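Since the structure comes first, as structure tokens, the remarks are kept for the end.
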Amino acid sequence: KDAALNHPQPQQPAVLCGPHGRHELPSILSEDDIRRLHDIWEKHRDDLSQPRYKKKPIFSEEDFDSFELIAQKVVDAMTKQFNQPLLLDQAAVNSTNRYGHPPHADNVQFDSVWWDGRQIKQRDEVEAARAGAEVLWKAAKTTSYRNYSASIALTDPHEYGGGELEFFDRWGSKVPVTSMRLPAGSGMAFCGCQRSIHAVTGVKWGFRLVLLVWTRHPEARVPTEQLHVCYFRPGSGQSIWLTEEDNRRFAKKKERRERRSSQPLPSLSDDGVFEQNMLDLSLS
């Protein structure tokens with residue numbers, strides 16, 4: 001009795017992923033893709049625990065196009081695996097450091113542990129969860145509109161020690177159900193809810209670079225305050241980010257460029273003066 005608190009048990013949060021589970025993405029990126037992401041990372045990388053830039057660097061159009069094209073290749077593969085339309089929400093390239101990432105789910109957060117309708121006190125949560133108590137989750141404040149995630153290796157396992165991607169069957173578990181160090185160009189896609197609790201062990205030596213991709217449903221609304229946010233944890237290390245703000249900025253540039261290219265050019269009249277054919281370009 002001393003280990004439990006009496007008050008009504010909340011409901012599990014609604015999640016936007018489903019079907020659930022994990023899918024391997026073997027050889028999803030080419031050697032050219034990997035080289036290109038390494039190059040972009042070298043030019044724009046920053047560590048938000050000790051930032052060197054006041055604002056996130058803006059990509060050149062060439063770098064953005066390459067980054068977006070490669071990330072979209074992953075999204076297309078995820079769309080096939082999960083059999084539903086997906087949109088690229090954000091992508092990042094991280095150089096995992098010695099801290100790694102502790103067990104977590106991307107789009108929900110741990111809330112509490114319950115047994116027979118009673119909340120377990122904090123000091124007993126892990127033990128109770130391991131004994132079969134129900135773990136309650138809550139929607140993540142910033143990413144609950146997302147549905148799936150993917151992790152794609154950009155370095156081979158022989159290039160670093162540690163850095164294992166682990167998946168757990170339940171909160172509080174000590175031993176992962178699976179652990180992997182994927183070859184460069186291959187990855188794993190997984191749902192963002194509590195059914196895919198995952199972690200990355202710290203890198204002990206060498207260099208581990210990884211492409212992370214997050215998706216949303218085409219009808220999901222991105223909160224305004226999330227447009228520019230860069231995913232970062234203490235274990236992320238030097239990173240680059242492709243945000244929804246980047247997607248929208250370059251989409252507008254492309255739209256303006258296409259609009260200008262579709263307008264008719266002026267013609268030369270008999271007296272040598274340029275005339276407009278249909279449309280006054282000064283109004284564009």
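The values are calculated or read from the model by the stated rules, or taken from the named source; none is laboratory data. On a predicted model such as this, the values are computed, not experimentally measured, just so you know. In this analysis, Cβ positions are derived from the backbone assuming ideal geometry, glycine residues included, and neighbour counts consider all displayed protein chains. Areas reflect the complete protein model, heavy atoms only, side chains present, ligands, DNA and RNA absent. Shrake-Rupley method; radii C 1.70, N 1.55, O 1.52, S 1.80 Å.
Points to keep in mind about this one:
- Other residues whose C-beta falls under 15 angstrom from the C-beta of Val213 contribute a net charge of -3, scoring Lys and Arg +1 and Asp and Glu -1.
- Loop-resident trypsin sites (Lys or Arg not before Pro) (DSSP state other than H, G, I, E or B) in the stretch 77-168 with no more than 16 further Cβ atoms inside 10 Å of their Cβ: Arg98, Lys121, Lys141.
- Projecting the Cα atoms of Ala129, Pro51, Phe207 onto the charge dipole of the chain (Cβ charges, centred on the Cα centre) puts Ala129 farthest toward the positive pole.
- Option label - Cα extents along the principal axes in Å computed here, alternatives (i) 70, 46, 41; (ii) 99, 46, 38; (iii) 69, 65, 38: (ii)
- Calculated SAXS-style log₁₀ I(q)/I(0) at q = 0.20, 0.22, 0.23 Å⁻¹ - the stretch 191-267, Debye, Cα scatterers: -1.11, -1.22, -1.26
- Using a Förster distance of 25 Å, the FRET efficiency for Arg221-Arg22 (Cβ separation, nearest 0.05): 0.40
- In the stretch 23-79 the Cα-Cα distances spread across 10 Å bins starting at 0 as 20, 43, 30, 7 percent of all pairs.
- Based on the reciprocal of the average 1/r between different C-alpha atoms, the Kirkwood radius for the stretch 69-196 equals 16.6 Å.
- Label point 7 Å beyond Cα of Tyr99 along Cβ direction - residues of the stretch 40-76 with amide nitrogen under 14 Å: 47-51
- Inverse of mean 1/r across different Cα pairs in the stretch 57-140, Kirkwood, Å: 16.8 Å
- For Phe250, solvent-accessible area (1.4 Å; no DNA, RNA or ligand), Å²: 10 Å²
- Selection from Leu154, Gln119, Cys191 lying farthest towards where the dipole of the chain points positive, charges on Cβ: Gln119
- Largest-first principal axis extents of the Cα set of the stretch 11-107 (Å): 42, 32, 24
- Debye-sum result for the stretch 95-160 in log10 I(q)/I(0), which assumes one identical scatterer on each alpha carbon, at q = 0.11, 0.30 Å⁻¹: -0.44, -1.25
- Relative to the current alpha-carbon distance between Asp156 and Arg256, full extension at 0.36 nm per residue lengthens the span by 31.9 nm.
- Folded to 0 to 90 degrees: helix 31-44 orientation relative to the chain principal axis, Cα: 90 degrees
- Sum of -39500 (n - 2.57) over DSSP H runs of 4+, divided by residues of the chain (222 nm, nearest 500): -7000 deg cm²/dmol
- Partnerless cysteines, meaning none of the other Cys C-beta atoms lie under 4.7 Å away, in the chain: Cys193, Cys230
- Working from the Cα coordinates of the stretch 129-217, the gyration tensor eigenvalues give, after taking √(5λ), semi-axes of 25, 18, 10 Å in decreasing order.
- Cross-link check: pairs Lys54/Lys253; Lys55/Lys204; Lys141/Lys204; Lys54/Lys252 evaluated at a Cα-Cα cut-off of 26 Å; pairs beyond the cut-off: Lys55/Lys204; Lys141/Lys204.
- Anisotropy class of the stretch 168-222 from Cα gyration tensor, a/c 1.5 cut: oblate
- For the pair Glu127 and Lys204, a Förster radius of 25 Å applied to the C-beta separation gives a FRET efficiency near 0.25, rounded to the nearest 0.05.
- Accessible area per residue in Å² at 1.4 Å probe, computed on the stretch 3-86: 63 Å²
- Computed FRET value (nearest 0.05) for Asp116 with Gln12, which takes r as the C-beta separation and R₀ as 22 Å: 0.85
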